[in-house]
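Read the structure below first, then the notes.
The values are calculated or read from the model by the stated rules, or taken from the named source; none is laboratory data. Quick caveat, the model's predicted, so the values are computed rather than measured. All Cβ positions, even for glycine, are placed from backbone atoms using ideal geometry, and neighbour counts span all protein chains on display. Ligands, DNA and RNA are stripped out before the accessible areas are found, and what is left, the full protein with its side chains, is counted by its heavy atoms. Shrake-Rupley method; radii C 1.70, N 1.55, O 1.52, S 1.80 Å.
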Amino acid sequence: MPRFDAVLFDLDGVLADTAHIHFAAWRRLGEELGIHLEPAFEEKLKGVDRMGSLELILAHGRVERTAEEKRVLAERKNGYYTAAVAEQTPDDLLPGARRVLEEVRAAGLKIALASASRNAPPLLQQLGIAPLIDAIADPAAVKAPKPAPDLFLEAARLVGAVPERCLGIEDSVAGIISIKDAGMVAVGIGDPTVLTRADYVVPTTEQFHIGDFL
């Protein structure tokens, strides 16, 4: 019997290289507010939801805004992002991403997406992988964003899998914490010296093979 019933994927940095699109949108918004974001700041936004990212950026620039002004700013950034996402194609998938999804399905496991991005459904269509995903956890439907476990627990629920029989795949520290606190096995994509709480770490999505974990 396989160790797992489902594999739960993050999107940005795991299946598609869309983190740079998010950051470009945030940098554009930041410049409009007089806040310059160095490239290194992108790491701080990994795995963080939209409002959480905005709060980090405003704090970085020591800029204060009302709750309503923050809502408007977040929507403006999202407009920049969605315009860029509309230009994405299957060529923008990370190397190995489609093969990984196909291998997981061939192994008889369910696939769910646990992404902080509220734009995930249209992006999956643009990337041509929507038919390979069984369920998408809605970040707006859970109480707390990553690093809380809520989103991964919701993804597991949607595919009818108990947490201890789920394998979560993430590229951010916040995402790995979310997976572990959900009681799941965590695979990190990236640097093992950064993703220290992951049970396993592989350098890139292309080097992940589900057969190594069954």
List pairs: first in segment 160-181 and closer than 11 Å to PHE9 by Cα and among the charged types (D, E, K, R), second open to solvent by 10 Å² or more (accessible area, probe 1.4 Å) and in a strand (DSSP E or B), Cβ under 6 Å, 6+ apart or cross-chain? ASP171/ILE189
Give the residue, chosen from ALA186, ALA174, ALA155, ALA140, that is in a helix (DSSP H, G or I) and within 20 Å of ALA97 (Cβ to Cβ). ALA155
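Based on what the data block shows, is GLN125 open to solvent by 40 Å² or more (accessible area, probe 1.4 Å), modelled with pLDDT of 95 or more and either among the polar types (S, T, N, Q) or more than 15 Å from the chain's Cα centre (by Cα) (or both)?
Answer is no for this residue.
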Conditions (1) open to solvent by 10 Å² or more (accessible area, probe 1.4 Å); (2) over 20 Å from MET51 (Cα atoms); (3) within 16 Å of the chain's Cα centre (by Cα) -> ASP138 fails only (2)
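So, in segment 166-189, exactly how many residues are more than 21 Å from ALA144 (Cα to Cα) and touching a Ser or Thr at 6+ places or on another chain (Cβ under 8 Å)? Working first, answer last.
Here is the first cut: in segment 166-189, the ones more than 21 Å from ALA144 (Cα to Cα) are 187-189.
Among the residues that remain, those that are also touching a Ser or Thr at 6+ places or on another chain (Cβ under 8 Å) are: 189.
Result for segment 166-189: 1.
Looking only at segment 27-38, count how many residues are open to solvent by 10 Å² or more (accessible area, probe 1.4 Å) and within 17 Å of LYS70 (Cβ to Cβ). Can you show your working first?
Going through segment 27-38, the residues open to solvent by 10 Å² or more (accessible area, probe 1.4 Å) turn out to be 27-28, 31-34, 36, 38.
Imposing the further condition that a residue be within 17 Å of LYS70 (Cβ to Cβ) reduces the set to 28, 32-34.
Result for segment 27-38: 4.
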Step by step: first the residues of segment 39-63, then only those that are modelled with pLDDT of 95 or more and part of a loop (DSSP other than H, G, I, E, B), then the one that is surrounded by the fewest Cβ atoms within 10 Å (Cβ to Cβ). Which residue is that? ARG62
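Collect the residues in segment 156-170 that are open to solvent by 20 Å² or more (accessible area, probe 1.4 Å) and out of contact with any helix residue (DSSP H, G or I) (no Cβ under 6 Å at 6 or more places or on another chain), keeping them in residue-number order.
Let us first name the residues in segment 156-170 that are open to solvent by 20 Å² or more (accessible area, probe 1.4 Å), namely 157-160, 162-165.
Listed by number, the residues that qualify are ARG157, LEU158, VAL159, GLY160, VAL162, GLU164, ARG165.
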Only one of (1) touching a strand residue (DSSP E or B) at 6+ places or on another chain (Cβ under 7 Å); (2) in a helix (DSSP H, G or I); (3) open to solvent by less than 60 Å² (accessible area, probe 1.4 Å); (4) not β-branched (Val, Ile, Thr) fails for ARG105. Which number is that? (3)
Residues that are assigned to a helix (DSSP H, G or I) and either free of Cβ contacts under 8 Å to residues at least 12 places away in the same chain or in contact with a Phe, Trp or Tyr (Cβ under 7 Å, 6 or more places away or on another chain) (or both), drawn from segment 8-28: ILE21, HIS22, ALA25, ARG27, ARG28
Being open to solvent by less than 20 Å² (accessible area, probe 1.4 Å) and free of Cβ contacts under 8 Å to residues at least 40 places away in the same chain is the filter; apply it to segment 182-197 and report the residue that is farthest from ALA155 (Cα to Cα). LEU195
